[in-house]
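Starting off with a structure, shown below.
No value in this document is a laboratory result; all are computed from the given coordinates. Please read these numbers as outputs of a predicted model, since none were measured by experiment. All Cβ positions, even for glycine, are placed from backbone atoms using ideal geometry, and neighbour counts span all protein chains on display.
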């Protein structure tokens with residue numbers, strides 16, 4: 001037991017130092033500029049820092065084949081509060097799990113549930129850029145919850161233990177509702193971690209009364225691992241086929257609140273839509289939906305370069321007021 005705890009302590013210390021250094025390097029690259037609390041209430045960088053440090057960005061994963069982001073995001077935190085909360089979860093639940101499982105099994109649960117969760121996040125939350133370090137921490141939380149349920153006879157103070165787990169998970173789920181964190185990935189990590197814990201317990205079960213029963217237990221354990229691996233492969237296929245389902249669960253990814261702005265983590269289109277109407281007037285629709293009336297323009301002069309110039313001149317992150325109404329007209333260039 002002491003050997004297990006020493007190995008886990010070493011792994012945890014290594015992870016803590018790595019994530020802390022990673023976070024500090026990210027702040028250095030953006031000249032130590034933190035986003036305001038409305039955009040990132042976790043005391044961390046804005047979109048530029050999240051992007052530079054390898055956060056999850058589905059558009060870049062698909063269009064530029066930056067699949068390395070699925071790994072780097074697992075160790076990048078959206079802010080100082082996110083960092084402390086995640087390391088606290090890893091220590092609390094990892095220290096509990098290592099008493100029942102080997103440190104290497106705990107590490108496998110951490111990495112596999114994290115990778116599966118970040119792929120769910122990349123597909124479901126494809127309209128947002130995120131830091132996914134909380135996903136593997138939620139994987140350990142799911143495994144610890146399963147351990148408490150399936151081996152409840154081994155522990156005392158069941159009500160207090162259940163309340164503690166619910167409190168910790170609830171607090172971190174609240175953090176996951178903010179911009180640059182994704183509760184869809186956290187939930188997936190929680191489920192995958194619990195699934196892998198069940199698989200590990202089936203393999204370690206020693207009460208099999210017969211050889212067929214032992215084979216059945218091992219087959220069940222293998223099926224659970226295969227299910228998690230299938231989810232990972234399915235997520236990769238979804239990205240490869242450019243078929244994410246972003247937009248279906250935005251409230252799950254980032255919950256709207258007067259305390260923060262979920263649009264801060266949105267990945268906005270980079271192009272503008274241009275429309276001409278029957279009265280020869282033109283309307284420019286900015287990436288964030290603002291509309292600007294251009295006026296009467298010679299259609300022969302309009303091309304992608306001119307539209308981009310208008311887009312750069314009239315569209316801004318702070319919003320452009322609507323200066324003209326919409327109407328039925330010809331679809332413009334995208």
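Please arrange 25, 228 by counting, for each residue, the other beta carbons lying within 10 Å of its beta carbon, fewest first.
Details: 25 12, 228 21.
By the 10 Å Cβ count, ascending, the order reads 25, 228.
Translational D (Stokes-Einstein, µm²/s) of the chain at 25 °C and 0.890 mPa s when Rh comes from the Kirkwood sum over C-alpha pairs?
D, rounded to a whole number, is 112 µm²/s.
In addition: What ranking do 100, 214, 33 get, fewest neighbouring Cβ atoms within 10 angstrom at the top?
Values: 100 18, 214 14, 33 10.
Listed from fewest to most nearby Cβ atoms, that is 33, 214, 100.
In addition: Provide the gained length on full extension for the span residue 167 to residue 223, in nm with one decimal, where the gain is 0.36 nm per separating residue minus the Cα-Cα distance. Show your work: numbers first, answer last.
On the way: separation 56, 0.36 × 56 = 20.16 nm, distance 3.13 nm.
Full extension of this stretch gives 17.0 nm more.
Rank the residues 274, 28, 12 as a footprinting-exposure proxy: fewest other Cβ atoms within 10 Å of their Cβ go first. Walk me through the intermediate numbers first.
Values: 274 23, 28 10, 12 18.
Fewest-to-most ranking of 274, 28, 12: 28, 12, 274.
Relative contact order for the chain using alpha-carbon pairs under 8 Å, separation at least 6, rounded to a whole percent?
Numbers: 558 pairs, mean separation 58.7, N = 334.
For the chain, the relative contact order is 18 percent.
While we're here: Expected output is a single nm value to one decimal: the length gained when fully extending between residue 230 and residue 4, i.e. 0.36 nm times separation in residues minus the C-alpha distance. What is it? If you can, show how the numbers build up before the last one.
Numbers: separation 226, 0.36 × 226 = 81.36 nm, distance 3.02 nm.
Contour length minus Cα-Cα distance gives 78.3 nm.
Which three extents, in angstrom, do the Cα atoms of the range 156-240 have along their principal axes, listed largest first?
For the range 156-240, the Cα extents along the three principal axes come out at 52, 47, 10 Å.
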